[in-house]
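The values are calculated or read from the model by the stated rules, or taken from the named source; none is laboratory data. Please read all numbers here as calculations on a predicted model, not as lab measurements. Quick reminder, even Gly has a Cβ in these numbers, built from the backbone with ideal geometry, and neighbours come from all protein chains shown. With ligands, DNA and RNA removed, areas are computed over all heavy atoms of the protein, side chains included. Shrake-Rupley method; radii C 1.70, N 1.55, O 1.52, S 1.80 Å.
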Amino acid sequence: MTFVPYDRPVRAAIIGLGRIYDLNVRAYTGNPDVEVVALVDPSEERRAQRQADWPAARAFASATALAESGIQVDAVEVLLPAPLHADGVIEILGYGWHVNMQKPMCNDLSEAQRMLDAAKAHGRILRVMENYLFYEPLRKLKAAAESGEIGDVCGYHMKMTGTGPGGWEVPWSSFEWQLEQMRRGRGILVFDDGWHKLATALWLFGPVREVRAWIGNTALGPGVDIDAPATIVWEHDNGVRGVWDITLAMDMYLRSDYYTNDERWEITGSKGYARVNRCTARGIQQPSLEVYADGVMRGYHALDDDWASSFRDSGRHWLRWLRTGDGPLSWSGEEAVGVLRFALAAYASSAAGGTGVNPAQLS
Ligand SMILES: NC(=O)c1ccc[n+]([C@@H]2O[C@H](COP(=O)([O-])OP(=O)(O)OC[C@H]3O[C@@H](n4cnc5c(N)ncnc54)[C@H](O)[C@@H]3O)[C@@H](O)[C@H]2O)c1
């Protein structure tokens, strides 16, 4: 489709004013590219709380009520619970609004196709935001791999430990829809948070041709099943192999301003390695990026390694893109389907006992 950039600030609505609003809003605050004209959430408490940030915006209990109000909206920040993504986004595109939505895009390929079709039918842009692609230590990790300073890439490893105490408050209502997702076989570690990990692998090394997975389960209580331990192994088209191990350690305290999650990314090259030591939480207290080559370790001590900054920069990128059209837009709906395919290939492999599955061949 042909996209015509706006020659004035984008008129935006934020739909879903829950926990992650606190970080997504950083792209909007003080940004001359945007004017927040509306806020939407069925919770009166949330509307009242967020209205304080945007006194000039009108607040509504539903997207339908906003559409009927006649307020002019160009683009929407969709921060809905994941189970509402497919139908919610299709409704919003139908009102003629561009969409910047949170991950996971949706739960299966038919939902994804319906969403892409809706964007096309209404001539609107559907972006699935991937804030990790804007996290400065990960951007520098990619640059280190591409610069040749660690030699040729030989392998890739991600580690993630879901931990218990130490982070911010998460309202019980957020866990309720996560439990619904778990019941549908879309767990909080592999699918919800995992979306970012799979996305970063695709971003670093391109398409994946084979995935093998062993996804376990830990019952924390009646009806509360966490998708760990899990191990996912894959091979990119360029031959690079990746492995991601997921562990649950519920009693581990991990200091965090956000979620408690111990994460690291490591690329091994023929003459060194580059490693991001932490992201969402304050895990390893060393420089957030370390690069080893030729007997010398270099530590990056001055990166903007506050996880929240990745939300700010991802959102600003979107709003700037709407103003200028200068691409590429990172990322499109089609690229998000690639992430979904990667996750679905892991589930298919695990269900089949760990056999190799090509994500491109899933139907
Ligand atoms: N990028 C990341 O790292 C990251 C981190 C956390 C959450 N997320 C994603 O952000 C999204 C929201 O997560 P959250 O943690 O803020 O959830 P949340 O439950 O805290 O907030 C969701 C909000 O949506 C509102 N809502 C429910 N139905 C609605 C409707 N029909 N119309 C408008 N609003 C409605 C709820 O009242 C609530 O305020 C999810 O897709 C989640 O996966 C992404």
Quiz item: Using a cut-off of 13 Å between alpha-carbon atoms, which aspartates and glutamates can reach Lys159, once sequence neighbours fewer than 8 places away in the same chain are excluded?
Solution: Asp193, Asp245, Asp262, Glu263, Glu266
Self-check item: Cα gyration tensor, the stretch 311-363 - rounded (a/c under 1.5), prolate or oblate
Solution: prolate
Quiz item: Just how much of Asp251 is accessible, in Å², when a 1.4 Å probe is used and the result is rounded to the nearest 10?
Solution: 150
Quiz prompt | Spin-label zone in the stretch 8-42 - amide nitrogen under 17 Å from a point set 7 Å from the Cα of Ser69 along the C-beta vector | solution = 10-18, 35-42
Quiz item: Can you give the calculated 222 nm mean residue ellipticity of the chain, where each DSSP H run of n ≥ 4 adds -39,500 (n - 2.57) and the sum is split over every residue, rounded to the nearest 500 deg cm²/dmol?
Solution: -10000 deg cm²/dmol
Practice problem: Heavy atoms only, probe 1.4 Å: what % of the accessible area of the chain goes to carbon and sulfur, would you let me know? | Solution: 51
Practice problem: Report, to two decimal places, the Cα Rg of the stretch 21-175 normalised by 2.2 N^0.38 Å (N = number of residues). | Solution: 1.26
Self-check item: the stretch 260-304 versus the stretch 82-139: alpha-carbon centroid distance in Å
Solution: 31
Practice problem: Order Ile188, Ile246, most accessible first, counting only protein heavy atoms with a 1.4 angstrom probe. | Solution: Ile188, Ile246
Practice problem: Multiply the residue separation of Asp87 and Ala302 by 0.36 nm, subtract the distance between their alpha-carbon atoms, and state the gained length in nm to one decimal. | Solution: 73.2 nm
Quiz item: Considering the alpha-carbon set of the stretch 125-271 alone, what are its Rg and its Dmax in angstrom?
Solution: 16.4, 50
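With +1 on the Cβ of every Lys and Arg and -1 on the Cβ of every Asp and Glu, and nothing else charged, how large is the dipole of the stretch 15-160 about its Cα centre, in debye rounded to the nearest 20?
In debye, rounded to 20, the stretch 15-160 gives about 160.
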Quiz item: Membrane-span-like helices in the chain: DSSP H runs reaching 24 Å or more (Cα, own axis), mean Kyte hydropathy at least -1.0?
Solution: 333-351
Exercise. Would you mind giving the average projected area, over all directions, of the Cα convex hull of the stretch 168-214 in nm² with one decimal?
Key: 4.7
Quiz item: How big is D for the stretch 222-300, in µm² s⁻¹ as a whole number, if Stokes-Einstein is applied with the Kirkwood radius of its Cα pairs at 37 °C and 0.692 mPa s?
Solution: 221
Exercise. Quote the charge dipole size of the chain about the Cα centre in Debye, to the nearest 20; the model charges only the Cβ of Lys and Arg (+1) and of Asp and Glu (-1).
Key: 280
Practice problem: Can you tell me how much longer the chain between Gln286 and Gln113 gets when fully stretched, taken as 0.36 nm per residue apart minus their C-alpha distance, in nm with one decimal? | Solution: 58.0 nm
Quiz prompt | 1.4 Å probe accessible area per residue over the stretch 155-239, in Å² | solution = 42
Quiz prompt | Cα shape, the stretch 1-73, gyration tensor, a/c 1.5 rule | solution = oblate
Quiz item: So what are the stretch 235-356's ellipsoid semi-axes, whole angstrom, largest first, if each one is the square root of 5 times an eigenvalue of the alpha-carbon gyration tensor?
Solution: 25, 25, 19
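Whole number in Å², please: accessible area per residue of the stretch 297-343, 1.4 Å probe, ligands, DNA and RNA not counted.
For the stretch 297-343, the solvent-accessible area averages 43 Å² per residue.
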Self-check item: Square roots of five times the Cα gyration tensor eigenvalues for the chain, Å
Solution: 33, 23, 22
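Per residue, how many Å² of accessible area does the stretch 1-128 show with a 1.4 Å probe?
41
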Self-check item: Of Lys103/Lys140; Lys142/Lys271; Lys120/Lys140; Lys120/Lys142, those spanning more than 26 Å from alpha-carbon to alpha-carbon
Solution: Lys120/Lys140; Lys120/Lys142
Quiz item: Under a point spin-label approximation (7 Å from Cα along Cα-to-Cβ), what is the Val4-Ala48 distance to one decimal in nm?
Solution: 4.3
